Amino acid sequence: MNYLTTFFLWLLPAWICLHMISSAARLSRRKSSQTTNLPPGPVPLPIVGNLFKFIGKNPHESLTHLVDIYGPLMSLKLGSLTTIIVSSSTMAKEVLQKHDQSFSNRTVLDAVSALNHHESSMVWLPVSHRWRSLRKITNSLMFTTQKLDSNQTLRRQKLNDLISFVHQKSLSGSSIDIGEIIFTTVLNLISNTMFSMDMADLYSESSAGEFKRLVKAVMKEAGDPNLADYFPILRWIDPQGARRRMTRYFASSNEFFDRMMDERLQSKQTRTSHDLLDTLLDISLQENGFEVGRPEIQALIKDFLFAGSETSAITVEWAMAELLHNPHMMAKARLELHEIIGKDQPVEESDIVRLPYLQAIVKETLRLHPTVPFLVPRKAETDVKIHDYVVPKNARVIVNVLAIGRDPTIWTNPTSFNPERFLNSEIDFRGQDFELIPFGSGRRICPALPLAQRMVHLMLGSLLHSFEWKLVDGLKPEDMDMQGKLDITLQKAEPLQAIPIKV
């Protein structure tokens, strides 16, 4: 049963509750309109507001149409919630930099409140002492240059596994699901960095396929439209069962992580290696002001494993798809790799800074196909004036990264894939250039950005450097399906299949 059907099944009983507050809501809106100048937006329908303009098969395309009408700062009534859509670099800078403090907290999705995950997760916690403690841990102990450099050997091993797997496929002339093998590799890259073990196997779906399915199920549940997010009065009902399903997923992963932590604590005196899980457990046993217990450790692992594996894999898949769609660009990228590194040498993380065209490809992929086209929703803590408008307290604020990346006032031919646009440009994706903010900006910028940057460049560069690629079944580049599908991430509508040829 899809969410629209579910909506109408629950509409009648919900109407009774909503009708009871509708008169008060109308009075409140009249009073608010005298003091609050909301950004422009379409006239909302009764009860549902503008919900049907936002949810559906291609909400990113619907929003693009609305931006053309109402401008880069737009208000929508999504169910009972006022939602502000930010769709230009100028407005994004206002929200994420100038008024960062007022917009630093999150609007928590109902599904991620399962097992109180939002109370321990750095992604969903409000800016607080606990959040600052977790952020300090990630910044100082997990994603520093020194720490990432020390873990290069682990990532090299997982990359060698990927290249070996693709090489075997090239010998048999078999096609490969690019997104699937990259997802598996990224999952193992992150899991080895965090706790020195593989979570999946490139050669066997059965060995760890259950955990891969769990990761994808969590991401899908977080991304699917949920009526409880638009009508908070329905949260106690959980009409679509999203929180119930997420409870099962989180309980399963927590049980696994608990066993792993117990084993680590029991073998602490005999272990010779020391990974991030050991570091987190050491911190949890100290009285140093950090608020880190099992719930926080579980939440950190889940956030990085679940979100990090899918988002990085999608970026590499889109990059490979665009290069297969534009063979002359793939040839140019391979030429750069061969000339700078040498045909018989592997791509190393230290090589990335010497590969400007590869870097440009990644930037252009993140511009045209941002993995998370709408940044995680923020919440206005107070009334905030932005230009001539007021964002009211408690409004949900969504930054439309996809629209910013395709803004014709910033980018020439914005819907065309053109890495060359970045070759003589200082624009980067580290959160300071608001034309390109796929990882966000401000204090809530993605903390794993340094690791993601290394993984994406390394995997893409290695696939291009070690193999030539051709499409399956004689498909021509110009006939490729380049459409995307959106849940919480923007994925390729059709998985990318390609045949590697060893050079």
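The values are calculated or read from the model by the stated rules, or taken from the named source; none is laboratory data. Since we're looking at a predicted model, the values are computed, not measured. Glycine gets a Cβ as well: all are built from the backbone with ideal geometry, and neighbour counts include every protein chain shown. Calculation scope for accessible area: heavy atoms of the full protein, side chains included, ligands and nucleic acids excluded. Shrake-Rupley method; radii C 1.70, N 1.55, O 1.52, S 1.80 Å.
The table that follows gives values for the structure above.
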read-out: THR64-SER128 FRET efficiency (beta carbon distance; Förster radius 41 Å; 0.05 resolution); value: 0.70
read-out: Charge tally in the Cβ shell below 15 Å around GLU263, where Lys, Arg are +1 and Asp, Glu are -1, GLU263 excluded; value: 0
read-out: In nm, spacing of pseudo-spin labels at ILE233 and LEU423 (7 Å Cα→C-beta vector); value: 5.9
read-out: Pair LYS216, ASP388: separation of 7 Å Cα→Cβ label points (nm); value: 4.9
read-out: Alpha carbon centroid spacing (whole Å) that separates the range 68-82 from the range 179-240; value: 30
read-out: Added length on full extension, which subtracts the Cα-Cα distance from 0.36 nm per residue, ASP201 to SER267; value: 21.2 nm
read-out: Simple label model, 7 Å out from Cα along Cβ direction - LYS147 to LEU449, nm; value: 1.7
read-out: Given LYS385/LYS492; LYS169/LYS485; LYS216/LYS393; LYS53/LYS379; LYS53/LYS476, the pairs whose alpha carbons are separated by over 26 Å; value: LYS385/LYS492; LYS169/LYS485; LYS216/LYS393; LYS53/LYS476
read-out: Å² per residue, accessible surface of the range 58-502 at 1.4 Å; value: 41
read-out: Separation of alpha-carbon centers, the range 322-376 and the range 432-503, rounded to whole Å; value: 9
read-out: Accessible area in the full protein assembly, largest first, 1.4 Å probe, for GLU435, GLU478, GLU94; value: GLU478, GLU435, GLU94
read-out: Relative contact order %, the chain, counting alpha carbon pairs below 8 Å whose residues are six or more apart; value: 23
read-out: In degrees, nearest ten, helix 3-35 long axis to first principal axis of the chain (Cα); value: 60
read-out: Residue-level accessible surface for VAL384, protein heavy atoms, 1.4 Å, Å²; value: 10
read-out: Three-way shape label, the range 58-502, alpha-carbon gyration tensor, a/c 1.5; value: oblate
read-out: Heavy-atom accessible surface of the chain: percent carbon and sulfur, 1.4 Å; value: 53
read-out: Rounded tilt (10° steps) of 327-341 against the dominant C-alpha axis of the chain; value: 60
